[in-house]
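The values are calculated or read from the model by the stated rules, or taken from the named source; none is laboratory data. Predicted, not measured: the structure shown is a model, and the values here were computed from it. Using ideal geometry, Cβ is built from the backbone for each residue, glycine included, and neighbour counts are taken over all protein chains shown. With ligands, DNA and RNA removed, areas are computed over all heavy atoms of the protein, side chains included. Shrake-Rupley method; radii C 1.70, N 1.55, O 1.52, S 1.80 Å.
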Amino acid sequence: MAGSYDGLRRVLALERDRKFSDGAVVGGLDEYLLRFTGEAKINTSHPISRILQQLPPGGYRALHPIQRQRVVDELLRLADNGAQREAARRPPVEPAPPPVPKPAARKPASPPKASAKPERKRLPGLTPDSPVSALGPTKPDVTRLQKIGIETVHDLLYHFPKRYHDYSEVRPIASLAFGEEQTVIAEVWSAKAVMIGRKRRGAEAIVGDDSGTIRVLWFGQPWVAKRLKTGTKVALSGKIGSFKGRMQMQNPEIESLDDEAIFTRRFVPVYRSTDGLYMKTLRDLARLAVDSCAAGVPETLPDNVRERHGLMGLSEALRQIHAPESLAEADAARQRFAFEELLWIEIGVVRRRRQWQVVGGAPVLSLAAAELSGFMESLPFELTKAQRKAIDEVLADIADTIPMTRLLEGDVGSGKTVVAAAGLLAAVASGKQSAIMAPTEILAEQHMRTFTSILDPDSAAPEADGTWFQESGDGFLVLRPPYLDRPVRLALLTGSLKAADKAAVQEAISRGEVDIAVGTHALLQESVKFADLGLAVIDEQHRFGVEQRSALREKGGSPHVLVMTATPIPRTLALTVYGDLDITVLDEMPPGRPPVKTYFVPPRRRDEASRFIRKKVEEGRQAFVICPLVEESETIEAKAAVQEYERLSRDEFPDLRLGLLHGRMSGGEKEATMRAFRDHELDILVSTSVVEVGVDVPNATVILIEGADRFGLSQLHQFRGRVRRSKEQAYCFLVSETQSEEAMERLQIMETTDSGFDLAEHDLRLRGPGEYFGKRQSGMPDLRVARLTDVELIEEARSEATRILDEDPELEDPSHAALRENVSRLWDRLTSDVS
């Protein structure tokens, strides 16, 4: 409590105990005394002010320990006098009335113990289907509960804690350990809103207990300062970090000490909440719901499944996850719910795969040996071993009547398109149509260029006029590979085509006059009918939901399907979200492409990065500048990109040619900008994250990413891949003002890790599946408890799903009724998520 003499006395006593090391308070005694004199409104003639005025220019810190002792002793004397005056000014405390004598026969009740369990309250007649308002929250709290998806008691019962605070492990500040999640109970000495770095607002507090003080920071949460009243006691739980050699707590959770749960329970649940909905309210409501009706919730897992896997019953699991008796019990409850969630996913995945393969009837697509060798020999580059293996796997799959469902994954530049081209050629050679669907028009148009160079290297590249049509007899792009006995007819179908052009392409596809249709989501429209679809290729799979994949399949009865992604898929996602696919990995880059040299750039070294970009441009190279991610609004993100473009054009690179690319531009504007950059009419491209996929400019060898801490590892790796397109050494600069340890860990991983597969595993671990692909994708299960990093539990659930479906393919057994309902609910939701 910085403004009271009692607080000053405590600080000085702690400084004396610490041998006058200037370590009693965060920031040192000089900073504390300056703050104290201001808050205590001490004038310059006060004895304390006179002592401070006599200190050397370096202040208390510049003194020898013997000199510090003299200063502390004198200040302590003044603080004692001040504390006595403060006490004398307080109103006298009235003496307590004498105790009323009690009958000798009645033994006085012993005071309640802090660890005693509170008496359980129950609401008769409450059921899981009751509205949450039946638990008695205020009307505003009912609205707040609805905001986080809680409308019924059932919703609240399944709103599980995200973690627990163990209040038996509260430590004094002096005993805190660096790098660990810990809890302290301390007094607020000061709290204020501050600027952290150059642009980011936050809150800073100094809190202390009898053993010392610690600085506490909340990034991006300046309003926290108003919540922390000087002199109040709070419980803070968070990770202990450091700044300039001193420990500090970063973004801790704050608990009010008037919450009974902190004193009556050892393990206190922490829930996901929303503004204005206090944790105490959530805890009280959840406990009331558990005590009133958890015992009556019907079991949802068959008894034999629970016995096989040693899982807790539902009622007990609900009790232990909300009010655990130990962390082991909480973990057992979480394990039960996690297994159940994964089982629902795996039953759907396994059943989907079986249904797809049972249908059969896929066309047999083949490429004659001479055609295959002609294709490979005509390529302007040597295939890697990984590419040859992938082509063999794809051709083997599509030569069968069982529809291929294969995922082809590989880093940017690993050569996925040429593998797809081999499959597309096999479809053409077999007289069938094929389609390739990309997430953006830029990427779809790039595929047209790439197929031109791969399938018909001797032909001229198509004119980049926005339609990609060549002036020929039928108006479409026609390629003539020398190793095929027939031409290959391509057409592009995207949303930005004029209505007449779009209708012409759709009509040509339906008549079978197009061999390979390249497009975006427009290929999924009901008006698009294929005459005889044999193979569907979906690029950047993570941008499409499961049902979109099925929608493209249904365009042709039972076509083969190849999905591709440059975002490496961690093994656990391969077992769940992509569990209906076989997987081929391109784990080898074409020879002669050196890894991108990656560097973290703090704000003070930003100018050095700019000078490096200028140097490379002068050498004839090009560069990308990526603007910070603004998840909440593409409009705000675009506006920020425009401002950054104007700043760079005016202040840093006024003599260079800059271009701008963002998500609010029309398809034609984007294509014109990309064409100018590709043709070296621009030196630097300033862009938002739309540049992540679909841009192939081998001459660009530098990428600078502003606000790099806002992106995930996999997205940063995608950006970095934009400049690994040639044999030239490429460079990636990660610019960030962050002081967050978690963000710094991500950036350090980027500096030291080149493998996209290793980065994918790190990214999933650090950010979780919901954020793994950036903005949440359609078709991604929103898991309450399960973690898509738990390989062992996923494999256990997959094995059980296979066993259940072997015995009961339609889940018709009465013991599987609840299982059938939950599986249907999950997969119906995933289906409805897809637009």
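Measuring with a 1.4 angstrom probe and ignoring ligands and nucleic acids, residue 599 comes out at about 100 Å² accessible. The residues packed around residue 181, meaning those with a beta-carbon under 13 Å from its beta-carbon, carry a net charge of -2 if Lys and Arg are +1 and Asp and Glu are -1. Here the gap between residue 605 and residue 486, fully extended at 0.36 nm per residue and compared with their Cα-Cα distance, gives a gain of 37.0 nm. The protection proxy used here, the mean number of other Cβ atoms lying within 10 Å of each residue, ranks peptides 519-528, 316-325, 55-64 as follows, highest first: 316-325, 519-528, 55-64.
The stretch 7-28 and the stretch 581-657 have Cα centres lying 48 Å from one another. Entry comment: accessible area of the stretch 35-77 is 62 Å² per residue, from protein heavy atoms only and a probe of 1.4 Å. Net charge dipole, the stretch 159-268: roughly 780 debye, given to the nearest 20, about the Cα centre with Cβ charges of +1 for Lys and Arg and -1 for Asp and Glu. Per residue, the stretch 300-449 exposes 34 Å² of accessible surface when a 1.4 Å probe is rolled over the protein heavy atoms with every protein chain present. Can you give the net charge of the other residues whose Cβ lies under 12 Å from the Cβ of residue 55, counting K and R as +1 and D and E as -1? Here the charged neighbours net out to +2.
Given axes a ≥ b ≥ c from the Cα gyration tensor, I'd like to know whether the stretch 298-371 is rounded (a/c under 1.5), prolate (a/b larger than b/c) or oblate. Verdict is prolate for the stretch 298-371. Shape analysis of the stretch 232-349 based on the Cα gyration tensor places the equivalent ellipsoid semi-axes at 33, 19, 13 Å, largest first.
For the cross-link pairs 416/639; 139/280; 244/280; 432/727; 147/233; 432/670, the ones whose C-alpha atoms lie over 27 Å apart are 416/639; 244/280; 432/727; 147/233; 432/670.
Only aspartates and glutamates eight or more places from residue 192 in sequence, or on another chain, were considered; those with a Cα closer than 14 Å are 39, 204. When only the Cβ of Lys, Arg, Asp and Glu is charged (+1, +1, -1, -1), the dipole of the stretch 319-400 relative to its Cα centre reaches about 260 debye.
The modelled label-to-label distance for the pair residue 85/residue 13, using points 7 Å beyond Cα in the direction of Cβ, is 2.1 nm.
Projecting label points 7 angstrom from Cα along Cα→Cβ for residue 680 and residue 810 puts them 6.7 nm apart. If you take the Cα centroid of the stretch 57-88 and the Cα centroid of the stretch 170-246, the two points sit 25 Å apart.
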